[in-house]
Amino acid sequence: MTRGHSPPSSLTSEDIVSLAMVRRDIWKSAMTGFVVGGTGSFLLHKTAEYLSKHRSKVLPLTLTRNTAFATVMMGASLGSFLAATTTGKNQVHHLHPIFQRGNTNANTVPLVNAVDISPEDAERLERERNRIMRRASLNQAIRAPGHGLNDSHGGHWVQDSTTQFRKE
């Protein structure tokens, strides 16, 4: 039995409803993507088959039932994956309160006493603190000698001693 049928006691009824809605949306999008991807790839295969038969100079291919099946399966799986992933990324904001409630990270430092401020102000201050920390980290990465924002070695070419160029 999956945990979806017996959620942990730490979740409220609103959390369970949010999880169920997000899960349902992801499944619906995956099925829609499966159908649309499979249908689209089948139509693309039939178009390529028509061009191959009637205009062989444009598209000289040998397309059979096997290639049609492979095309439909690849298109359906790609469509299902893309639709489910996109929906999951678009719906994750519904899960943030659940993630925050379950956060037991011991490295977090409280901003101020919770008695002094409201939860909305605490959330705003936490976002501002995170923004300032990200900005400081980015500035440190930019200003560090020999480093860049990616793996480009800070804009300097690295000499490869294994490559020898011959002058002929």
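Please compute the net charge surrounding Thr86, taking Lys and Arg as +1 and Asp and Glu as -1 over other residues with Cβ under 14 Å from its Cβ. Once all neighbours under 14 Å are counted, the net charge is +1.
Over all other residues within a Cβ to Cβ distance under 15 Å of Ser52, the charged ones net out to +4, with Lys and Arg as +1 and Asp and Glu as -1. Summing +1 for each Lys or Arg and -1 for each Asp or Glu, what net charge is found among the other residues whose Cβ lies under 14 Å from the Cβ of Leu63? Neighbour charge sum, excluding Leu63 itself: +3. Rounded to the nearest 10 square angstrom, Arg23 shows an accessible area of 110 square angstrom against a 1.4 Å probe.
What does the C-alpha gyration tensor say about the overall shape of segment 13-87? Classify as rounded when a/c is under 1.5, otherwise prolate if a/b is larger than b/c, or oblate. Prolate, since a/c reaches 1.5 and a/b exceeds b/c.
Note that segment 130-136 has calculated 3J(HN,Hα) couplings of 5, 4, 5, 5, 5, 5, 5 Hz, one per residue in order, obtained from phi through the Karplus relation 6.51 cos²θ - 1.76 cosθ + 1.60 (θ = phi - 60°); glycine and proline are x.
For segment 1-88, a crude dipole built from +1 on the beta carbon of Lys and Arg and -1 on the beta carbon of Asp and Glu, taken about the Cα centre, is about 540 debye to the nearest 20. Counting only protein heavy atoms and using a 1.4 Å probe, the accessible area of His5 comes to about 140 Å². Counting heavy atoms of the protein chains alone, Leu63 has an accessible area of about 40 Å² for a 1.4 Å probe. If you sort Thr12, Thr62, Thr71 by accessible surface, 1.4 Å probe, largest first, the order is Thr62, Thr12, Thr71. Each residue of segment 81-91 was assigned a 3J(HN,Hα) from its phi angle through the Karplus expression (A = 6.51, B = -1.76, C = 1.60, θ = phi - 60°), giving 4, 5, 5, 5, 5, 4, 5, x, 5, 6, 9 Hz with x at Gly and Pro.
The values are calculated or read from the model by the stated rules, or taken from the named source; none is laboratory data. Being a predicted model, the structure only gives us computed values, none of them experimental. Note: ideal-geometry Cβ built from the backbone for every residue, glycine included; neighbour counts use all protein chains shown. Only protein heavy atoms, including side chains, enter the accessible area calculation; ligands, DNA and RNA are left aside. Shrake-Rupley method; radii C 1.70, N 1.55, O 1.52, S 1.80 Å.
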